1. Of everything in the stretch 1-10, what is more than 30 Å from Ser50 (Cα to Cα) and either modelled with pLDDT of 95 or more or open to solvent by 60 Å² or more (accessible area, probe 1.4 Å) (or both)? Give them in sequence order.
2. Can you name the condition, by its number, that Ala32 falls short on among (1) within 16 Å of the chain's Cα centre (by Cα); (2) hydrophobic (A, V, I, L, M, F, W, C); (3) farther than 30 Å from Pro78 by Cα?
3. If I ask for residues that are part of a helix (DSSP H, G or I) and either in contact (Cβ under 8 Å) with a residue 40 or more places away in the chain or farther than 22 Å from Gly58 by Cβ (or both), which ones from the stretch 21-40 would you list?
Amino acid sequence: MTELQGAAVVFAPLFAIFGVCFIVFHQHISDAARRAYEEQGRRIGPQTQSPGLMIVGGIGMLIISTVIVLYAFTDVFPPPPPPQ
């Protein structure tokens, strides 16, 4: 196993777990962030911490996780040729 594959084994699942958590708990995370800002007396913008953006972020993390695995373990994304 190469160093790249070892890193992929560690980081791909982390991105996938965070992505799934963002998708599943998007409303809870958004509500908790809004409550925290209100308790501190700060105002939060209308599009900040929105549940829709949390879902998009989660999907993005799942895509990143997939690309990491494909790059490390298959030839779908071949590495660039070595410099000459």
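1. Across the stretch 1-10, the qualifying residues are Met1, Thr2, Glu3, Leu4, Val9.
2. (1)
3. Listed by number, the residues that qualify are Glu38, Glu39.
Table: residues versus (1) touching a strand residue (DSSP E or B) at 6+ places or on another chain (Cβ under 9 Å); (2) in a helix (DSSP H, G or I); (3) of a type in the set (Lys, Arg); (4) surrounded by 13 or more Cβ atoms within 10 Å (Cβ to Cβ).
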| position | (1), (2), (3), (4) |
| --- | --- |
| Ala12 | no, yes, no, yes |
| Gly19 | no, yes, no, yes |
| Arg42 | no, no, yes, no |
| Leu53 | no, yes, no, yes |
| Met61 | no, yes, no, yes |
| Ile64 | no, yes, no, yes |
| Ile68 | no, yes, no, yes |
| Ala72 | no, yes, no, yes |
| Phe77 | no, no, no, no |
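The values are calculated or read from the model by the stated rules, or taken from the named source; none is laboratory data. Just so we're clear, the structure is a prediction, and the values are computed from it rather than from any experiment. Using ideal geometry, Cβ is built from the backbone for each residue, glycine included, and neighbour counts are taken over all protein chains shown. Ligands, DNA and RNA are stripped out before the accessible areas are found, and what is left, the full protein with its side chains, is counted by its heavy atoms. Shrake-Rupley method; radii C 1.70, N 1.55, O 1.52, S 1.80 Å.
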